[in-house]
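The values are calculated or read from the model by the stated rules, or taken from the named source; none is laboratory data. If you're wondering where the values come from, they're calculated on a predicted model, not measured in any experiment. Cβ sites come from the backbone with ideal geometry, for glycine too, and all protein chains shown count toward neighbours. Just the protein is used for accessible areas: all its heavy atoms, side chains included, with ligands, DNA and RNA removed. Shrake-Rupley method; radii C 1.70, N 1.55, O 1.52, S 1.80 Å.
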Amino acid sequence: MEPWFEVKKKDVIDVLDKWKDCFPWGDHPDEKYSCLVFWEDGIIRMTVDQFYEIGAETYECLRFYTTFIGNKMEDYINLTEEELASKAYSAWCSGAR
């Protein structure tokens with residue numbers, strides 16, 4: 001499995017920029033993290049920080065920084081800010097290993 005993979009913009013649900021000012025990020029209110037939330041193979045995934053726009057219709061994502069969000073849109077919509085931050089932090093930590 002290749003470490004980098006492509007996500008078509010038509011499959012993107014959301015692009016988020018969040019402050020690292022709450023648990024579990026610690027207290028880094030001057031730093032941000034970014035999340036790309038997208039559909040892949042019928043499930044919702046999120047890549048944290050390691051994604052880049054590579055054209056008008058495509059992002060490139062690093063698999064090691066990608067995590068599972070859910071099987072349906074409600075799984076993403078119903079995430080609390082704390083749950084989203086926790087999933088993002090876990091994905092970021094897994095990728096950094």
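Observations on the model:
- All positions within segment 3-20 that are open to solvent by 70 Å² or more (accessible area, probe 1.4 Å), touching a Lys or Arg at 6+ places or on another chain (Cβ under 8 Å) and modelled with pLDDT of 95 or more: W4
- Failed item in (1) modelled with pLDDT of 95 or more; (2) part of a helix (DSSP H, G or I); (3) within 12 Å of the chain's Cα centre (by Cα); (4) of a type outside the set (A, V, I, L, M, F, W, C), with Y89 passing the rest: (1)
- Taking the criterion of being open to solvent by 80 Å² or more (accessible area, probe 1.4 Å) and either more than 16 Å from A85 (Cβ to Cβ) or in a strand (DSSP E or B) (or both), the residues of segment 21-39 that qualify are D30, K32, W39.
- Segment 40-59, residues that are open to solvent by 60 Å² or more (accessible area, probe 1.4 Å) and more than 11 Å from the chain's Cα centre (by Cα): D41, Y52, E53, I54, A56, E57
- Set K20, K72, K8: member being without any contact (Cβ under 8 Å) to a residue 24 or more places away in the chain and of a type outside the set (S, T, Y): K20
- Of all residues in segment 54-76, those being modelled with pLDDT under 95 and in a strand (DSSP E or B) number 0.
- Of all residues in segment 10-20, exactly one satisfies the criterion of being outside any strand (DSSP E or B) and in contact with a Phe, Trp or Tyr (Cβ under 7 Å, 6 or more places away or on another chain), namely D11.
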